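These notes concern the structure reproduced below.
The values are calculated or read from the model by the stated rules, or taken from the named source; none is laboratory data. Since the model is a prediction, treat every value here as computed from it, not as a measurement. Cβ coordinates were reconstructed from backbone atoms using ideal geometry, including for glycine residues, and neighbour counts include every protein chain displayed. Only protein heavy atoms, including side chains, enter the accessible area calculation; ligands, DNA and RNA are left aside. Shrake-Rupley method; radii C 1.70, N 1.55, O 1.52, S 1.80 Å.
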Amino acid sequence: MRFYKNLAVLTCCLGLALTALAQTNTPKQQQPNDNGIVGDTGEEADQPVSIPVSNQTPAQITDTAWQMLETSATNSKDSKQQMRIDALNALGTLKGIQRAETDLQAAIKDPNVDVRVAAVVASGTMDDENMLPILRQSLDDPAPEVVFAAAVALWKMHDPSGINILYEVLAGERKTKGSFAETGKRQANQDLHSPSTLARIGAQQGAYALLGPFGIGLDAARLMMKSNNGNSARLLTVNLLAQDHSDATRDEFIAALSDKDYIVRAGSARVLGEFHGKEVTDALAGIFGDSKPSVRFMAAASYIRSSQPVPVQPPPSQPEKKTPPHHKKTTAPSGD
């Protein structure tokens with residue numbers, strides 16, 4: 001099928017974005033510490049808060065979690081927008097929850113470009129068909145960063161609506177042969193041929209759009225791409241272990257909530273949303289006051305997910321037993 005054959009297009013786009021990112025963010029040489037784990041680099045500023053939940057009921061803690069996420073996601077006074085981006089990343093993990101979908105749909109229309117990109121990426125992370133219409137609308141956004149993020153999100157959801165955008169990025173300074181370039185309906189398509197725009201997308205937004213499923217912030221996405229940073233392997237390990245729902249893995253993720261590296265704390269908090277039980281919800285509520293916004297927002301979202309009723313799995317269907325055909329006994333003809 002043509003859709004699957006075009007998978008090569010996305011591969012080229014990934015390479016373009018990551019190449020631009022590597023050229024823009026040349027890593028500085030760092031001395032490795034004794035245990036081989038990269039510590040807190042300060043890329044996301046500490047913002048300590050006090051969120052007492054020890055005396056709250058589970059329902060009250062859930063309300064607190066929603067308030068944390070929605071207050072920060074809509075805080076237009078946040079000049080750096082990082083806290084808004086962190087909150088939107090966390091909302092993107094709440095698949096199938098209409099309240100989170102509504103919050104993201106509102107953020108996709110925000111005046112700030114970085115906020116719109118974050119909302120688009122988070123919507124794609126949901127992998128929810130309810131978000132497809134708003135993502136398709138984002139293909140008409142005036143900002144090329146948003147258009148690219150929407151095209152990537154749609155493609156990862158197996159929706160080819162934005163494939164012409166990917167063709168534009170792949171073509172670079174060349175003109176594409178498709179009708180998209182001739183229609184002129186999208187303002188951003190001209191910018192997608194600009195080398196400076198492509199470099200900006202790759203360096204500032206590309207890795208973030210591609211790494212959205214990790215549920216980490218924009219600065220963390222940039223940080224993870226540095227070749228000499230141990231966070232990359234550790235965070236990838238978090239995502240690999242997320243496939244194992246054993247008690248031992250759960251306990252390791254709970255222990256990782258106190259890791260000195262905030263990216264590992266945030267990643268572990270995200271994965272714990274897939275687990276259930278008081279031990280998990282208590283651990284997540286216990287880091288609502290983490291100094292890193294990305295960690296406490298992810299903990300809030302995962303608390304909401306973890307406290308949801310455990311889905312009942314239907315019993316496996318039993319194979320239908322086939323009755324062997326009834327063979328009539330035949331008698332040999334007599335020799336008469």
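Numbers below:
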| read-out | value |
| --- | --- |
| Near pairs, Cβ below 6 angstrom, 6+ apart or cross-chain, from region 89-117 (within 16 Å of M298 (Cα to Cα) and at pLDDT 95 or above) to any residue that is part of a loop (DSSP other than H, G, I, E, B) and open to solvent by less than 10 Å² (accessible area, probe 1.4 Å) | A100/L94 |
| The lone exception for T64 - which of (1) within 17 Å of V49 (Cβ to Cβ); (2) open to solvent by 30 Å² or more (accessible area, probe 1.4 Å); (3) modelled with pLDDT of 90 or more it fails | (2) |
| Among (1) within 10 Å of the chain's Cα centre (by Cα); (2) within 25 Å of P142 (Cβ to Cβ); (3) open to solvent by 10 Å² or more (accessible area, probe 1.4 Å); (4) not β-branched (V, I, T) - the single one D127 does not satisfy | (2) |
| Residues of region 247-276 satisfying the condition of being of a type in the set (G, A, S) and open to solvent by 40 Å² or more (accessible area, probe 1.4 Å) | A248, A255, S258 |
| Only one of S294, S306, S302, S232 that is within 28 Å of V146 (Cβ to Cβ), surrounded by 14 or more Cβ atoms within 10 Å (Cβ to Cβ) and at pLDDT 95 or above | S302 |
| Those residues of region 89-116 which are closer than 13 Å to D127 by Cα and open to solvent by 50 Å² or more (accessible area, probe 1.4 Å), in sequence order | K95, G96 |
| Given (1) open to solvent by less than 60 Å² (accessible area, probe 1.4 Å); (2) under 14 Å from the mean Cα position of the chain (by Cα); (3) modelled with pLDDT of 90 or more; (4) more than 20 Å from P142 (Cβ to Cβ), number of the condition V120 does not satisfy | (4) |
